[in-house]
Amino acid sequence: MSRYWSPIVRELVPYVPGEQPKIKDLIKLNTNEHPLGPSPKVIGAIKAELNDSLRLYPDPNSDALKSVIADYHKVTPSQVFVGNGSDEVLAHIFFGLFQHGQPLLYPDVTYSFYPVYCGLYQIEGQAVPLDDDFVLRVEDYRQPNGGVIFPNPNAPTGRLLPLSDIETLLQHNTDSVVVVDEAYIDFGGETAIKLIDRYPNLLVTQTLSKSRSLAGLRVGFAVGHADLIDALERVKNSFNSYPVDRLALAGAVAAFEDEAWFKSACDYVIAERERVATGLESLGFDVIPSAANFVLARHPDHKGADLAAALRQRSIIVRHFQKPRIGDFLRITIGSEAQNAALLDALPDIV
Ligand code: PMP
């Protein structure tokens, strides 16, 4: 704290990202990265971009990327916004679409960046409790609000809300923007993008960090009515004109052009997820059904913090949140076959 800090900065409670360890050879199952490297076509496209053109700024509008995303999701480029990771896209959404003097609604157990953005942009956030099984009840969102946001599948639970429930929520919420954060949708869910033509207040965000294995490239996007996208462009062009750099642009375009890699990489994670869930259950864990690239699990006889510490001693890092309702759980990213086997081999000794 310093007297030079602004009043808002004094009150901020920043997001704490999962550890990116400096020690090599740790089995890293803590930040939901993909276990396989990205498509070789992405690497090729980035290498091809490594030339003198780097002296030039990138396209401020990322038109080539918007166009491949639009084709992929059968929308128009005017319905697509791109940014430096979906976190940046979310930040612009909070600033541009949620500042309406009414509370923003989100689940009590959810992505912990939402309350952080509320703090940054001075938005009142209201946590709406999930039910005892961590299921989102859409009827609980029938109350005055300045916006609604939730991930689908939810994080860190992995639970998927059916599209029919999302539609019910939208039908009861026509006066504020509803954001479905689909960071993990490709691991078993159905995207809500197909609803955007019927609901002008629906915005869907996705990222290349998870299912396309490009967390290091920082590319995310939003799809929704052109008027909502316009608001985000206004915020972006008042903040940073070039959020997606030349290498990211080239890599991201190539990522959407390699559907074969994408499909098989998703299938790999889904198959491994089922193996990990079954393995954990056979060791006595309760595992929340997951449609994501992680599982949330607890053991009835052990504290979450103790399990995380014991795994760490065995060079395996998972995520433990010291938070209400999920303090006894571990969020375990689905790793490679070998990493998952190491996890399942280490656990019997611990539990
Ligand atoms: N939404 C959710 C629910 C997430 O878990 C994450 C990853 N931390 C993000 C958004 C942001 O991902 P990125 O900025 O890498 O696109």
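The values are calculated or read from the model by the stated rules, or taken from the named source; none is laboratory data. This one's a predicted model, so the numbers in the text were calculated from it and none came from an experiment. Cβ coordinates were reconstructed from backbone atoms using ideal geometry, including for glycine residues, and neighbour counts include every protein chain displayed. The protein model used for the area step is the full one, side chains on, heavy atoms only, and it has no ligands, DNA or RNA in it. Shrake-Rupley method; radii C 1.70, N 1.55, O 1.52, S 1.80 Å.
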Task: Note, ³J(HN,Hα) from phi for segment 56-73, Karplus 6.51, -1.76, 1.60, rounded to Hz, x at Gly and Pro - done: 9, 4, x, 4, x, 9, 6, 4, 4, 6, 4, 5, 5, 5, 4, 4, 4, 9
Open item on the list: Using each residue's phi in segment 212-229, evaluate 6.51 cos²θ - 1.76 cosθ + 1.60 at θ = phi - 60° and report the 3J(HN,Hα) Karplus result to the nearest Hz, with x for Gly and Pro.
Closed with: 9, 6, 10, 4, x, 8, 6, 9, x, 8, 10, 10, x, 4, 4, 5, 5, 4
Task: the chain, relative contact order [Cα under 8 Å, separation at least 6], % - done: 24
- [ ] Please state the charge dipole magnitude for segment 111-182, taken about the Cα centre, from unit charges on C-beta atoms (+1 on K and R, -1 on D and E), reported in debye and rounded to the nearest 20.
- [x] 140
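Counting DSSP beta bridges in the chain, what percent are antiparallel, to the nearest 5?
On the way: 17 of 34 bridges.
Given both bridge residues lie in the chain, the antiparallel proportion sits at roughly 50 percent.
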Open item on the list: Under a Cβ-only charge scheme (Lys and Arg +1, Asp and Glu -1), can you give me the dipole magnitude of the chain about the Cα centre, in debye to the nearest 20?
Closed with: 940
Open item on the list: What does the C-alpha gyration tensor say about the overall shape of segment 40-258? Classify as rounded when a/c is under 1.5, otherwise prolate if a/b is larger than b/c, or oblate.
Closed with: prolate
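Using helices alone, I'd like the mean residue ellipticity at 222 nm for the chain: each DSSP H run of four-plus residues gives -39500 (n - 2.57), total over residue count, nearest 500.
-11000 deg cm²/dmol
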Open item on the list: Given the options ALA192, ILE316, VAL351, identify the residue whose Cα lies farthest towards the positive end of the charge dipole of the chain (+1 on Cβ of Lys, Arg; -1 on Cβ of Asp, Glu).
Closed with: ILE316
- [ ] Run the accessible area of the chain with a 1.4 Å probe and give the carbon-and-sulfur part as a rounded percent.
- [x] 52
- [ ] Mind checking which of SER6, TYR106, ASN145 is farthest towards the positive end of the chain's charge dipole, using Cβ charges of +1 (Lys, Arg) and -1 (Asp, Glu) about the Cα centre?
- [x] SER6
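By the scheme Lys and Arg +1, Asp and Glu -1, what is the net charge of all other residues having a beta-carbon under 13 Å from that of ASN145? Can you show the working numbers first?
On the way: positive: ARG142; negative: GLU124, ASP140, ASP175.
For residues surrounding ASN145, the net value is -2.
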Task: Accessible surface, segment 40-258, averaged per residue in Å² (probe 1.4 Å) - done: 41
Open item on the list: Which residue, ASN173, VAL223, PHE239, has the largest displacement toward the positive end of the dipole of segment 173-284 when charges sit on each Cβ (Lys, Arg +1; Asp, Glu -1)?
Closed with: PHE239
Task: Residues with amide H under 5 Å from that of PHE294, placed H, sequence gap 5 or more - done: ILE334
TODO: Please turn the phi angles of segment 99-112 into ³J(HN,Hα) values with the Karplus equation 6.51 cos²θ - 1.76 cosθ + 1.60 (θ = phi - 60°), one per residue in order, whole Hz, x for glycine and proline.
DONE: 7, 10, x, 10, x, 8, 9, 8, x, 5, 10, 7, 4, 6
Task: Amide H contacts of ARG212 (H built 1.01 Å from N, under 5 Å, at least 5 apart or other chain) - done: none
TODO: Find how many whole Å separate the alpha carbon centroid of segment 90-130 from the alpha carbon centroid of segment 1-65.
DONE: 23
